[in-house]
Structures are given as structure tokens and as C-alpha cells.
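Encoded as C-alpha cells, the structure appears first; notes follow it.
Please treat every number below as a calculation from the coordinates, not as lab data. Owing to the predicted nature of the structure, the values given are computational and were not obtained by experimental measurement. A quick note on method: Cβ atoms are made from the backbone with ideal geometry, for glycine too, and the neighbour counts reach across all protein chains shown.
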Amino acid sequence: MNRKNLLIGIGSLVFLVCPATSGPAAENAAASSPVLDEGVARHKGLDEIYRRFSEGYKKLDPAAVANLYTETAAYLVPGTEIEIGRPKILASFTKFFDSVKQRNGRLEISFQIAQRQAEQTMAYDVGIYTLTSFRENGETRVSKGKFMVVAKPDKDGVWRFQVDGFNDLPKPPK
């Protein structure tokens, strides 16, 4: 790891551990906000999607997560056909969250944005997600993947994902 990446990593850690405000609400907001790489600008609409996405994962609420997608969104799950539309996206998250609930588990997801381009009517993000699964027996599993999303505001100005594609990153050598 070079010095620049180390400093960025330390800066990200400080951001997560020491939010600007204090208290449980501030800590939860900081933990569920995306971490932005150097040069990536905040975007209220996009950052709110990630905050709500993380909240939906913590609550295992498939409807809350599916509602972050447009009605005609394309969901690109590795190894499957393209899923078009919010009802299919809801079915996918319902199946996933139900399997976690059956094992009495819980999930946390966080995001690091490496690249962002945002205009008034459309934006994209490229980044890394970290998914942590907690099992009833205390076992924890962490997986990381890369993602690319395209988002746009709906008629009410609420930003939602139009395209969401992702896949796992290679596992680090042991």
C-alpha cells in the first residue's frame, strides 16, 4: 500500500470513527453514509439512497430497499438474467432477506464510492460494497464486491437507481 492510499484509508477510518456531530443518530448517519474517495463530491440525492439502502439491510426490509429503484430499473445480479422492474427487484430482495431471517441472522452493508459523475437528470457511481453477515452462532462473514449504478430523479425529485450491477471482488490471498 503506498503512502497516499494509506492516508486515504486513515482519513476514511477517522471519518467513520469520529463523525462531526455526536450521539447515536450522528453515529448511525456516519456509518450508513457512503465513504467517498478523494475527488468524489457529495450528492444529497445519491448519498441518501445509500443511507436508506444500508438501513433497509439492517432491518431486513425488502420493500424499503426495492423502493430505492425506479419502476423500470434493471437489476444485474451475477449469474442470472437481467431483472427488469421494481416487482422483480422486490422478489429478489425478499428471497435474500427471508433466507437471512430463517437463520436468525442480520446484515450490514456499506459503500465506498471511487468514481461519481452527476448531472441534473442522471448520475452514476462506481465503487466497492462491503457486506457483513452476522449469524446466530456469533459467526461473522465479510464479503466485498464492486458495483456500478446509474440513478435518476423521479417526478418528485427523489433519486432512485435505474441500473444496478455488481459482482464479488477476488478473495484476498491467505
Worksheet item: Length gain on complete extension for the stretch Thr72 to Asn167, per 0.36 nm per residue less the alpha carbon to alpha carbon distance?
Response: 32.1 nm
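When the chain is fully extended, how far beyond the present Cα-Cα distance does Ile82 get from Arg52, taking 0.36 nm per residue of separation? Can you show the working numbers first?
Values: separation 30, 0.36 × 30 = 10.80 nm, distance 2.35 nm.
Between Ile82 and Arg52, full extension yields an extra 8.5 nm.
How much length is gained on full extension from Val126 to Arg42, taking 0.36 nm per residue of separation minus their Cα-Cα distance? Provide the component values of the computation, followed by the final result.
Values: separation 84, 0.36 × 84 = 30.24 nm, distance 1.37 nm.
Net length gain for the segment: 28.9 nm.
Rounded to the nearest 0.05, what FRET efficiency is calculated for Ser133 and Lys155 with R0 set to 25 Å and r the Cβ-Cβ distance?
For R0 = 25 Å, the calculated efficiency reads 0.10.
What number comes out for the charge environment of Phe134, summing +1 per Lys or Arg and -1 per Asp or Glu over other residues with Cβ under 13 Å away? If you can, show how the numbers build up before the last one.
Numbers: positive: Lys58, Lys101, Arg103, Arg106, Arg135, Arg141; negative: Glu108, Glu136, Glu139.
Net charge in that neighbourhood comes out at +3.
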Worksheet item: For segment 161-174, what does the Karplus curve 6.51 cos²θ - 1.76 cosθ + 1.60, with θ = phi - 60°, yield as ³J(HN,Hα) per residue in whole Hz, taken in order and with x for Gly and Pro?
Response: 6, 9, 9, 9, x, 7, 7, 5, 7, x, 5, x, x, 8
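I'd like to compare 38-48, 69-79, 132-142, 106-116: which one has the highest average count of other Cβ atoms within 10 Å, and what's the full order after that? Each step should come with its number before you reach the end.
Numbers: 38-48: 14.0, 69-79: 15.7, 132-142: 10.9, 106-116: 17.6.
Sorting 38-48, 69-79, 132-142, 106-116 by mean packing, highest first, produces 106-116, 69-79, 38-48, 132-142.
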Worksheet item: Where in segment 110-140 does the label zone of Phe96 land, with the point 7 angstrom along Cα→C-beta and an amide N cut-off under 18 Å?
Response: 110-113, 125-135
